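Written below as structure tokens is the structure these notes are about.
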Amino acid sequence: MNRRTLYLSLLALTVSACSTVETRKQAKGEFDYVNQEVPDALVVPAHLNNPERPSEYEVPPLQGTAGPVGEELDIRAPALVLALASGSRIDEFDQTAQIWFDKIDDDSDLYAVVVGAIENYLQEEGVELTSKQGTELKSDWFHQQTTSGFWLWEDVSTSESWRFKYSLVTKPHGRSIGLNVDLIDYKSADGSSQIDPIEQQRVEMAMINAVSAQLDYEYRLNLRDQRLAKANRKVVAMGSDEQGQSAYLVDYPRQEFWDMLPQFFEKYNFSVTDLNESKYVYMVNYERNDPSLWEGIWGDAVDVIDLDDGSYEFHLVAKDKKTLLKIYNDQKQLLSETELESNFDIMSSALSFN
């Protein structure tokens, strides 16, 4: 996945193969206005009255001429830190961090997750981590490269380089991590180590956004892996109770499986006639409904469980954080191992609730 097509990436730090990439953007067009002279004020003869000059639309006089004008003026929008990752936020009342990441997964260490995102981003950019002490990490040089010429005559040069420090702030409860990014070294193609303060802030914010985008990308990968693992895991197996009687062993806690069973009943033509919640027993009636020819053609047919019409009881028994499903017929007899195995393919899919 190319995150640069999805997020605001590290614009000032991208190693580009395109020619003449600039870190600053200028206005395009004619700039003759900067050379225009201010016309003299209207001279009114002494014997005439001066015309009225409402001040509502007057342009105030320029206070000093220092600073860029015309083509030298940087017209980019102000840089912003963006909360790209799930659980990220900007807290304007807490200036100890430029961005905060809140814990969204209780099974993982938030500090390790954020540090891992920084390390993985640096690795993908081909930049080494030169220092990792306590809550501070320092990177090696990022280089922005520009190319000139064409094909075999292309010339690659480094226009600007940056080094960063990443500082982490942990809330006492451990469920929020703050990140600060500081530019610690800079050099341009002409050897200068001075950078405009506004440009420095822009570069630091771009780095924060890149780390946040990396973290969001890793969250999405982890969520996808969890869903795949859940979809592919073997939820239902053949099992037996303490007396050795056959039953389905379902990899769900009993209460969770109890809450999900009504979905199964509704889909596979069971109707609940009574239940005993304290003993985890459903009493149901089953009417076999073989699919019609048209349902088979249009793909709307539901697999048919191979049982006789009649009343059944579904008993749920807790077993090692899983659930034994024991099914009784209207004669209060457990379904045999043969009956359970003949329906195993359908039941294992239906009771997985994937």
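The values are calculated or read from the model by the stated rules, or taken from the named source; none is laboratory data. Not measured: the values here are computed from a predicted model. A quick note on method: Cβ atoms are made from the backbone with ideal geometry, for glycine too, and the neighbour counts reach across all protein chains shown. Ligands, DNA and RNA are stripped out before the accessible areas are found, and what is left, the full protein with its side chains, is counted by its heavy atoms. Shrake-Rupley method; radii C 1.70, N 1.55, O 1.52, S 1.80 Å.
Residue by residue, here is whether (1) without any contact (Cβ under 8 Å) to a residue 40 or more places away in the chain; (2) over 27 Å from the mean Cα position of the chain (by Cα); (3) open to solvent by 50 Å² or more (accessible area, probe 1.4 Å) holds:
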site: Asp40; (1), (2), (3): yes, yes, yes
site: Pro45; (1), (2), (3): yes, yes, yes
site: Ser86; (1), (2), (3): no, no, yes
site: Ile99; (1), (2), (3): no, no, no
site: Asp105; (1), (2), (3): no, no, no
site: Tyr121; (1), (2), (3): no, no, no
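Within the stretch 241-282, the set of residues being free of Cβ contacts under 8 Å to residues at least 12 places away in the same chain and part of a strand (DSSP E or B) comprises Asp274, Leu275, Asn276. Tell me, which residue of the stretch 199-229 that is out of contact with any Leu (no Cβ under 8 Å at 6 or more places or on another chain), within 29 Å of Glu92 (Cβ to Cβ) and of a type in the set (Asp, Glu) is surrounded by the fewest Cβ atoms within 10 Å (Cβ to Cβ)? That would be Glu218.
Against the definition (assigned by the TED database to the domain that holds Ile104 and open to solvent by less than 20 Å² (accessible area, probe 1.4 Å)), how does Asp196 come out, yes or no? Spell out how you get there, then give the answer.
Details: assigned by the TED database to the domain that holds Ile104: yes; open to solvent by less than 20 Å² (accessible area, probe 1.4 Å): no.
No: the conditions fail for Asp196.
Cβ separations smaller than 9 Å between residues 6+ apart or across chains give no pair from the stretch 214-232 residues that are among the β-branched types (Val, Ile, Thr) to residues that are open to solvent by 70 Å² or more (accessible area, probe 1.4 Å). Kindly indicate whether Lys319 is among the basic types (Lys, Arg) and at pLDDT below 95. In short, yes.
Residue count for the stretch 309-338 satisfying the condition of being free of Cβ contacts under 8 Å to residues at least 60 places away in the same chain, over 9 Å from Ala247 (Cβ atoms) and crowded, with 16+ Cβ neighbours inside 10 Å: 5.
Could you please let me know if Pro51 is open to solvent by 100 Å² or more (accessible area, probe 1.4 Å), at pLDDT 65 or above and more than 48 Å from the chain's Cα centre (by Cα)? Don't jump to the end; show me each part of the working.
Details: open to solvent by 100 Å² or more (accessible area, probe 1.4 Å): no; at pLDDT 65 or above: yes; more than 48 Å from the chain's Cα centre (by Cα): yes.
For Pro51, the condition - open to solvent by 100 Å² or more (accessible area, probe 1.4 Å), at pLDDT 65 or above and more than 48 Å from the chain's Cα centre (by Cα) - is not met.
Tell me which residues, restricted to the stretch 223-257, are over 33 Å from the mean Cα position of the chain (by Cα) and farther than 14 Å from Ser348 by Cβ.
Within the stretch 223-257, the subset over 33 Å from the mean Cα position of the chain (by Cα) is 237-249.
Residues satisfying the conditions are Ser240, Asp241, Glu242, Gln243, Gly244, Gln245, Ser246.
Listed here are the strands (runs of 3 or more DSSP E) enclosed by the stretch 81-197 that have at least 2 residues being in contact with a strand residue (DSSP E or B) (Cβ under 6 Å, 6 or more places away or on another chain) and of a type in the set (Asp, Glu): 155-170, 176-188. Considering every residue within the stretch 107-116, establish whether at least one is in contact with a helix residue (DSSP H, G or I) (Cβ under 6 Å, 6 or more places away or on another chain) and under 30 Å from Val211 (Cα atoms). Scanning the stretch 107-116, I find no residue that is in contact with a helix residue (DSSP H, G or I) (Cβ under 6 Å, 6 or more places away or on another chain) and under 30 Å from Val211 (Cα atoms), so the answer is no. Is it true that Phe93 is among the aromatic types (Phe, Trp, Tyr) and modelled with pLDDT under 90? Yes, satisfied.
Does Val59 satisfy the criteria of being part of a loop (DSSP other than H, G, I, E, B) and crowded, with 16+ Cβ neighbours inside 10 Å?
On the way: part of a loop (DSSP other than H, G, I, E, B): yes; crowded, with 16+ Cβ neighbours inside 10 Å: no.
Answer is no for this residue.
So for the stretch 289-303 (the condition being at pLDDT 95 or above and either in a helix (DSSP H, G or I) or exposed (fewer than 14 other Cβ atoms within 10 Å of the Cβ) (or both)), does at least one residue qualify? There is no residue in the stretch 289-303 that is at pLDDT 95 or above and either in a helix (DSSP H, G or I) or exposed (fewer than 14 other Cβ atoms within 10 Å of the Cβ) (or both).
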